[in-house]
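Some notes on the structure that comes next.
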Amino acid sequence: MNKVLCLGVAVVALSGTLAGCGGGGGGGTTAGTSTVSGVVADGYLRNAELFMDLNGNYQWDAGEPKTVTGQGGAYHLDVAPDLVGRYPIVVRAIAGQTVDEDHPSSPIANSYILCAPSSNTAFISPMSTLIQQKLAGNPGMTMADAMIQLRNQLNLPVGTDMFGNYVSGSQSGQYAANYQTMYQVATQMADLMAQQAPLVMTGTGVNLSRYQAMMGQMNLYMPQIVQNATNGLPITSPTMTTFCNQMATFLQNTGTGAGFGNYSAMFRNYTSRNSFWSNTGGMWQPGGMMGSGWGMTGMR
């Protein structure tokens with residue numbers, strides 16, 4: 001797939017390693033550079049272009065710091081210390097070049113975009129993308145609310161790190177099952193994003209309004225995506241085929257003007273009610289396995 005990922009830059013405690021050069025220190029203000037480090041994944045993405053997007057247009061421009069992701073999706077981007085934490089980073093996974101290490105036999109063929117809040121760039125994934133778009137779509141939502149709401153949408157227990165590395169975390173340990181669920185859902189989300197690429201991507205950039213509309217549609221449909229993914233079904237299942245067709249029609253009718261549209265209705269904050277809305281207009285109450293503990297309630 002030709003995948004494009006956008007994310008924010010973070011301070012050392014939250015987003016990876018910042019190493020100062022020339023006496024500047026990580027995120028410092030003296031002369032030199034700082035290195036922002038992290039990992040990019042659906043599965044780990046290797047040979048993807050990564051840059052700091054200083055003007056918010058989702059494509060590399062001359063003068064913007066740039067690098068390429070390496071083995072295990074790792075990246076190390078040298079930037080001026082005063083830029084750390086101020087601008088998003090965009091990763092463009094390129095058809096015929098970028099490799100999803102879940103499928104290492106051939107490079108990717110389609111594109112999608114991932115984002116992350118500027119304070120959380122240690123692990124960039126579809127999970128961080130939806131959290132970022134919740135914040136962008138609903139400016140009144142806090143980071144804590146966005147993380148809790150996504151955790152509820154995936155029906156995961158309190159304490160699950162929604163910014164955690166689900167690739168390595170799913171292999172062993174106390175939270176392996178939780179990370180496995182995140183991994184399954186993230187892969188399904190990435191497949192959905194890639195399928196909509198012809199309507200969302202614009203050459204080396206992205207149509208911002210359609211991008212936000214696409215993420216809003218996935219946010220509304222998350223219960224069905226989770227159920228489909230955790231049951232081991234592909235996006236070609238009847239449920240996902242219906243959703244993909246509906247989303248394509250919605251995006252075709254979405255304006256292509258510059259900047260984000262107003263999609264706040266798709267990113268409502270139901271965190272305080274321990275529930276969230278679905279694409280049918282009702283609300284899901286998490287609390288058990290899909291199909292048993294999850295149920296529809298009336299709109300509140």
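The values are calculated or read from the model by the stated rules, or taken from the named source; none is laboratory data. Please read all numbers here as calculations on a predicted model, not as lab measurements. Reconstructed Cβ throughout: ideal geometry from the backbone, glycine too, with neighbour counts over all protein chains shown.
Taking the range 58-97, which residues are closer than 22 Å to Arg210 by Cβ, surrounded by 15 or more Cβ atoms within 10 Å (Cβ to Cβ) and not aromatic (Phe, Trp, Tyr)? Talk me through it step by step, then tell me what you get.
Taking the range 58-97 and keeping what is closer than 22 Å to Arg210 by Cβ, we get 58-61, 88-95.
Checking which are surrounded by 15 or more Cβ atoms within 10 Å (Cβ to Cβ) leaves us with 58-60, 88-94.
Answer for the range 58-97, where residues must be closer than 22 Å to Arg210 by Cβ, surrounded by 15 or more Cβ atoms within 10 Å (Cβ to Cβ) and not aromatic (Phe, Trp, Tyr): Gln59, Pro88, Ile89, Val90, Val91, Arg92, Ala93, Ile94.
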What are the pairs with Cβ atoms under 9 angstrom where one residue, in the range 110-122, is in the same structural domain as Thr35 (by TED's automatic domain parsing) and within 14 Å of Gly85 (Cα to Cα) and the other, located anywhere, is of a type in the set (Lys, Arg) and assigned to a loop (DSSP other than H, G, I, E, B)? Sequence gap at least six, or different chains.
Ser118/Arg86
Considering only the range 222-261, how many residues are of a type in the set (Gly, Ala, Ser), in a helix (DSSP H, G or I) and over 12 Å from Asp191 (Cβ atoms)?
1
Does at least one position in the range 161-182 carry a residue that is at pLDDT 85 or above, among the charged types (D, E, K, R) and not in a loop (DSSP other than H, G, I, E, B)?
no
Collect the residues in the range 193-214 that are assigned to a helix (DSSP H, G or I) and free of Cβ contacts under 8 Å to residues at least 60 places away in the same chain, keeping them in residue-number order.
Pro198, Leu199, Ser209, Arg210, Ala213, Met214
